[in-house]
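S.K.: Structure in structure tokens, see below.
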Amino acid sequence: MLSHSLDHGVLVVTVHQDPGIGGRATLLTRISDLVQACRPAPVVIVLDEPAARSAVVSVVLRVHHLCSRWGTLMSVATHSAPVRRALEADADTGGTRLVVHARADTAVAAAYAAVA
């Protein structure tokens, strides 16, 4: 369902497939645990094409809310323009801004530059 790595001090979490409605809680827990374990590293969540669905968008928005509370920089990378628009429209505006990119390499570079 997902994989993760550290790239120049940035936690990169890649969601490979849509877990469906029933798998949202598990996905949220896994990503939240990774983010908490790697704090204060910035986080980039990459959504592979099969994962760019509403259930995953909901999870990403919840993770962003957690990152805002923890003061952790978070961004998302997805090729899907409709998903990028949905994330930008529904992101929590009370904490750190959710930055949405079309490419993962751009997202990682921007996250690295923001904390360097």
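The values are calculated or read from the model by the stated rules, or taken from the named source; none is laboratory data. No experiment lies behind these values; they were computed from the predicted model shown. In this analysis, Cβ positions are derived from the backbone assuming ideal geometry, glycine residues included, and neighbour counts consider all displayed protein chains. The area values use the complete protein model at the heavy-atom level, side chains included, leaving out ligands, DNA and RNA. Shrake-Rupley method; radii C 1.70, N 1.55, O 1.52, S 1.80 Å.
S.K.: Go through segment 8-116 and name the trypsin sites (Lys or Arg not before Pro) that are in a DSSP coil and have 16 or fewer other Cβ atoms within 10 Å of their Cβ.
M.R.: When the trypsin sites (Lys or Arg not before Pro) of segment 8-116 are filtered for loop state and at most 16 Cβ neighbours within 10 Å, Arg97, Arg103 remain.
S.K.: Let me ask another. On a C-alpha basis, how far is the centre of segment 71-116 from the centre of segment 35-61 in Å? Whole number, if you could?
M.R.: Comparing the Cα centres of segment 71-116 and segment 35-61, I get a distance of 10 Å.
S.K.: Further question on the same structure: Collect residues whose amide H, placed 1.01 Å from N in the peptide plane, falls under 5 Å from the amide H of Ala77; neighbours closer than 5 in sequence don't count.
M.R.: Amide H neighbours of Ala77: Ile45, Val46, Leu47, His101.
S.K.: With every protein chain present, what is the per residue accessible area of the chain (1.4 Å probe, Å²)?
M.R.: On a per-residue basis, 50 Å².
S.K.: Something else about it: Give the shape of segment 11-50 as rounded, prolate or oblate, defined through the alpha-carbon gyration tensor: a ≥ b ≥ c are the square roots of its eigenvalues, a/c under 1.5 means rounded, and otherwise the shape is prolate if a/b is larger than b/c and oblate if not.
M.R.: oblate
S.K.: Of all accessible surface on segment 4-116 at a 1.4 Å probe, what whole percent is carbon and sulfur?
M.R.: 53
S.K.: Which log10 I(q)/I(0) values does segment 36-116 give at q = 0.18, 0.25 Å⁻¹ under the Debye formula, counting every alpha carbon as one identical point scatterer?
M.R.: Log10 of I(q)/I(0), two decimals: -0.68, -1.29.
S.K.: Right, something else. Which shape class, rounded, prolate or oblate, goes with segment 1-76 when its Cα gyration tensor gives a ≥ b ≥ c as root eigenvalues, a/c under 1.5 marks rounded, and past that a/b bigger than b/c marks prolate?
M.R.: prolate
S.K.: Build a GNM of the chain with springs between Cα atoms under 10 Å: which of Asp18, Asp90, Asp48 gets the top mean-square fluctuation?
M.R.: Of Asp18, Asp90, Asp48, the Gaussian network model singles out Asp90 as fluctuating most.
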